[in-house]
1. Can you tell me how much longer the chain between residue 119 and residue 56 gets when fully stretched, taken as 0.36 nm per residue apart minus their C-alpha distance, in nm with one decimal?
2. Please list 29-41, 57-69, 84-96 highest first by mean number of surrounding beta-carbon atoms within 10 Å per residue.
3. Taking 22 Å as R0, compute the FRET efficiency from the Cβ-Cβ separation of residue 63 and residue 111 and round it to 0.05.
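Each value in this text was obtained by applying a stated rule to the coordinates, not by laboratory testing. What you see is a predicted model; the values in this text were computed from it and never measured. Neighbour counts are summed over all protein chains in view; Cβ atoms, including those assigned to glycine, are modelled from backbone coordinates with ideal geometry.
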């Protein structure tokens, strides 16, 4: 019986974890001499697509510069039942090779999530060469971010 009491106290301890702020910075790069647009979403990845927590987005932003960035003030994510966040970024863009498929919108999600401990102030940075990466089709971030 004492084992279950200790297990219960551990569970209560972890369920009350509150996070410290996280600073986000995303830099998406396209080639020079092209007018392009992008929308960037940042989210906390969960096991199921519909349970992802969309935190913020910037878009759409259009520019003649090769860089589109998202630099955010600290965000407090208010804790989680786990000791870590699994953070990912999505980019919906029209950066294409010169004179090839220009205006072709693509949905790009880098493969690996960044694992960030809940405790302590953290900096999370993505520096992404967008190029012609990604898939044609629906950008789930634009749909799922509406659930808030």
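1. Between residue 119 and residue 56, full extension yields 20.6 nm more.
2. The densest-packed peptide leads the list: 84-96, 29-41, 57-69.
3. Result of the calculation: an efficiency of 0.25.
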